[in-house]
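Notes for the one structure printed next.
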Amino acid sequence: MKLVSWNVNGFRAISGKQDWDWFRNSRADLVALQETKADPAQIPEAERSPAGWESHWLASQTRKGYSGVAVFLRTPCRPETRPLHVSAELPDQAYNTEGRLLHVEFPDFHFLNVYFPNGTRDDGRLAYKLGYYEAFLRHVQELRRQKPIVVCGDFNTAHRPIDLARPEANKEHSVFLPEERAFLDRFIAAGYVDTFRLIHGDLPDMYSWWSYKQRAREKNVGWRIDYFFVSQELVPAVRDAWIDMGTYGSDHCPIGLELA
C-alpha cells in the first residue's frame, strides 16, 4: 500500500497549475492533502471527486479559505485498502472546528491525516497548538487499543537540528521551540516511529517546506515539518519512506510511505 501526503497550500491554486499533473500521474493508493483552504462546494466536481478515486473533504467551520484537509482513496479498492469508516476532527470539542483531521479506518490500521496548528507566543496560538497536540495524542492512544496507527501530515514542528537548515537561528521561533519539539519527543516515546528516519537514518539536508522568500528552496534552506509516523507494531510493515523534493507547486513538497 502506497500512501502520499502533501500540504498543497491552497487546493484551488495548485489544481490550476501544471504541477497538479503530479496527482493525475500518481500511483498511490491513498493521497492525503493538508491546507486545502477550500469548501468542497467551491471545487469543480471533476477535481473534487476525480474519476478512479473516492474522496473525502473537510473544511474549516470557523474561517473560509483556512486550513482544511482531504483524502483520496483509489478505486476499486483491494480488500486491505477498503475503508471501513471515515470520520472528522478530534473528539475534544475545543479542537474540532478548524478542519484539521480526517480519520480513515482500514481493516488493519487507523489512518489519520492531520494539519496541526501553527503557533506564536503572542496571540495565544502556541497554547492552542500545544493543546491540540495533547488532545491528538490522547485520541490516537485510544484508537491504538483497537489496531495500529498511521499518521501523516504537516506537524508544523521540526523535531531535531538535522530537520532544518538553520537550527541556531531558529531556536526561539515557533516551529522549533523547545516545547513544540518536546511534544515530538513524547510522541515518539509513546511508541510512534518517524518512518523517514527509520529508513534513512540521519540523512541530512532533507526538507519538506521552504519559505517563498530569499530563494530559500533554490538554496535548500528548508525545514522537515511533514511526517509519516507509524505505531511501533507496524514497523515490520514499513517498506519505504521518502520526501519528493523535486515536486513543486506549493511551499511544501510531497512525502510518502509504502507498507507491506
Kindly establish whether Tyr227 is within 14 Å of the chain's Cα centre (by Cα) and either crowded, with 16+ Cβ neighbours inside 10 Å or modelled with pLDDT under 95 (or both). yes
Can you name the strands (runs of 3 or more DSSP E) wholly within segment 49-144 that have at least 1 residues being under 26 Å from Glu172 (Cα atoms)? 110-115
Identify, by number, the condition in (1) under 20 Å from Asp92 (Cβ atoms); (2) in a helix (DSSP H, G or I) that Arg197 doesn't meet. (1)
Output the qualifying pairs, or none if there are none: Cβ atoms under 9 angstrom, residues six or more apart or on different chains, first residue in segment 243-254 and more than 19 Å from Phe155 (Cβ to Cβ) and in contact (Cβ under 8 Å) with a residue 40 or more places away in the chain, second residue β-branched (Val, Ile, Thr) and crowded, with 18+ Cβ neighbours inside 10 Å. Gly249/Val8; Gly249/Ile14
Considering only residues that are out of contact with any strand residue (DSSP E or B) (no Cβ under 6 Å at 6 or more places or on another chain) and over 14 Å from Glu233 (Cα atoms), look in segment 142-164 and name the one that is surrounded by the most Cβ atoms within 10 Å (Cβ to Cβ). Thr157
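Residues are listed down the side, and each one gets a yes or a no for (1) more than 30 Å from Ala237 (Cα to Cα); (2) touching an Asp or Glu at 6+ places or on another chain (Cβ under 6 Å); (3) not polar (S, T, N, Q):
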| position | (1), (2), (3) |
| --- | --- |
| Lys2 | no, yes, yes |
| Arg24 | no, no, yes |
| Ala32 | no, no, yes |
| Gln42 | yes, no, no |
| Pro50 | no, no, yes |
| Thr75 | no, yes, no |
| Thr81 | no, yes, no |
| Ser87 | no, no, no |
Suppose we filter Pro204, Pro236 for residues that are in a loop (DSSP other than H, G, I, E, B) and either over 15 Å from the mean Cα position of the chain (by Cα) or within 28 Å of Asp108 (Cβ to Cβ) (or both); which single one remains? Pro204
Out of (1) surrounded by fewer than 21 Cβ atoms within 10 Å (Cβ to Cβ); (2) touching a Gly at 6+ places or on another chain (Cβ under 8 Å); (3) polar (S, T, N, Q), the odd one out for Gln42 is which? (2)
Out of all the residues in segment 51-74, which are over 11 Å from Gly99 (Cβ atoms) and surrounded by 15 or more Cβ atoms within 10 Å (Cβ to Cβ)? Trp53, Glu54, Ser55, His56, Val71, Phe72, Leu73, Arg74
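If you go through segment 165-176, how many residues are assigned to a loop (DSSP other than H, G, I, E, B) and surrounded by fewer than 21 Cβ atoms within 10 Å (Cβ to Cβ)? Quick ask: steps written out before the conclusion?
Initial filter on segment 165-176 (assigned to a loop (DSSP other than H, G, I, E, B)): 165-166, 171-176.
So of that shortlist, the ones also surrounded by fewer than 21 Cβ atoms within 10 Å (Cβ to Cβ) come out as 165-166, 171-175.
Number satisfying all stated conditions: 7.
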Starting from segment 158-177, take each residue that is farther than 11 Å from Trp223 by Cβ and list its partners that are modelled with pLDDT under 95 and not in a helix (DSSP H, G or I), counting only C-beta distances under 7 angstrom and pairs at least six apart or across chains. Ser174/Asn118; Ser174/Gly119; Ser174/Thr120
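The values are calculated or read from the model by the stated rules, or taken from the named source; none is laboratory data. The structure displayed is predicted, hence computed values, not measured ones. In this analysis, Cβ positions are derived from the backbone assuming ideal geometry, glycine residues included, and neighbour counts consider all displayed protein chains.
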